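Worksheet: the structure to be examined is printed underneath.
Just so it is clear, none of the values below were taken in a lab; they were calculated from the coordinates. Everything numeric in this text was worked out from a predicted model, so none of it was measured. When we count neighbours, we look across all protein chains shown, and the Cβ atoms used for this are built from the backbone with ideal geometry, even at glycine.
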Amino acid sequence: MSNSFGKLYTLTTFGESHGPAIGGIIDGCPAGLELDLKAIQYELDRRKPGQSAIVTQRKEPDEVEFLSGIFEGKTTGTSIGFIIKNTNQKSKDYSDIKNTFRPSHADYTYTQKYGLRDYRGGGRSSARETANWIVSGAIAKQLLKGISINAYTSSVGEITLDKELQDIDFHNTESNSVRCPDEATAEKMIEHIKEIKKQGDTIGGTITCVVKNVPIGLGEPVFNKLHAELGKAMLSINAVKGFEYGSGFEGTKLKGSQHNDAFNTNGTTKTNLSGGIQGGISNGMDIYFKVAFKPVATLLQKYETINSEGERVEVQGKGRHDPCVVPRAVPIVEALTAMVLADFYLLNKSIKL
């Protein structure tokens, strides 16, 4: 299995949703980086379950414990090992589906590939794994001094934040449980999620991410383009169904004369339909992209499926699940963005030595 991410700044993870712990090893972080451990825990708190009425009510403290690679608050240049203990598993909630395949889950594909699966909360395929990414991304953020990474919920179902990027106040993102930086739109989103939850159903949405103060030159011109690596990272998140950057699909409706980003005399561009990336390399303008999340596949209502014998059966989801993953995925998008940028930042430094 591909349990590692990155080339120079790398993360290798382990653990299952209902095992004793999850964790990882971060390699490639330079020595001497003074870490704000409270900032790392803050990022985990943004992702953790049970934080509001519109997310899963699983109660996990998600407290990270560092085992190596940090001495007196600074990185030593060696592997940073960490664990996050699981404390609130309810494996019995999944006993009814151990011999059935839930639609749009990894149950069937895992079984066909490996011959068995950990049915307790999805095992390794669970989004619980993303807590590991948060730890790595939080450290990457501290490595990328001066670069700001801000993600927010831009839509839930048909409810969309109708504001231009320059009018978004990122300080408002954490002011509500859905992480939409516009209070009126956020209230509509929250009420919609609550109504969907009452029905035992789920809903999807989108997250927009804006990265400012990116230096020119991050990314490679052929197979490791910056936008390609960002897309790969985002499509690695559970439930993600789409990624677009810059003008995205809307750009296909324009003519070249409308879409080209004309240069200013200082090298900046008058417009930014390229999304801060040209030829696979950052150009110094803001990087912005959008990530699409499908509705959560676990439904708390009856549905028809098949079991391991190929027979049609009726089951009903149990346990504690997100009616919409988007609010908790906001810090995950930021974390993976930071990891991609940290990797290219270190690679760029090595090229110029």
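Dividing the convex hull volume of the alpha carbon atoms of the stretch 181-330 by its residue count gives 177 Å³ per residue. Sorting the segments 125-137, 221-233, 254-266 by their mean number of nearby beta carbons within 10 angstrom, highest to lowest, gives 125-137, 221-233, 254-266.
Eigen-decomposition of the gyration tensor built on the alpha-carbon atoms of the stretch 121-214 gives equivalent ellipsoid semi-axes of 25, 22, 10 angstrom, largest listed first. Normalized C-alpha radius of gyration of the stretch 258-353, against 2.2 N^0.38 Å? My calculation over the Cα atoms of the stretch 258-353 gives 1.80. Viscosity 0.890 mPa s, temperature 25 °C: what is the translational diffusion coefficient of the stretch 8-162 from Stokes-Einstein with a Kirkwood Rh over Cα pairs, rounded to a whole number of µm²/s? My calculation gives 140 µm²/s for D. Rounded to the nearest 500, the 222 nm mean residue ellipticity of the chain from helices alone is -8000 deg cm²/dmol, with -39,500 (n - 2.57) taken per DSSP H run of at least 4 residues. For the stretch 21-86, the equivalent ellipsoid derived from the Cα gyration tensor has semi-axes of 27, 12, 8 Å, listed largest first.
Suppose a student asked you for the relative contact order of the stretch 4-351, using Cα pairs under 8 Å spaced at least 6 residues apart; what percent would you report? Reported relative contact order: 22 percent.
Among 150-156, 236-242, the peptide with the highest mean count of other Cβ atoms within 10 Å heads the list, and the full ranking is 150-156, 236-242. In the calculated pair distance distribution of the stretch 137-190, what percentage of Cα-Cα distances lie above 12 Å? The share of Cα pairs beyond 12 Å in the stretch 137-190 comes to 66 percent. With only the Cα atoms considered, the stretch 4-351 has a convex hull volume of 151 Å³ per residue.
Taking a ≥ b ≥ c as the square roots of the eigenvalues of the Cα gyration tensor of the stretch 239-309, is the shape rounded (a/c under 1.5), prolate (a/b larger than b/c) or oblate? Prolate.
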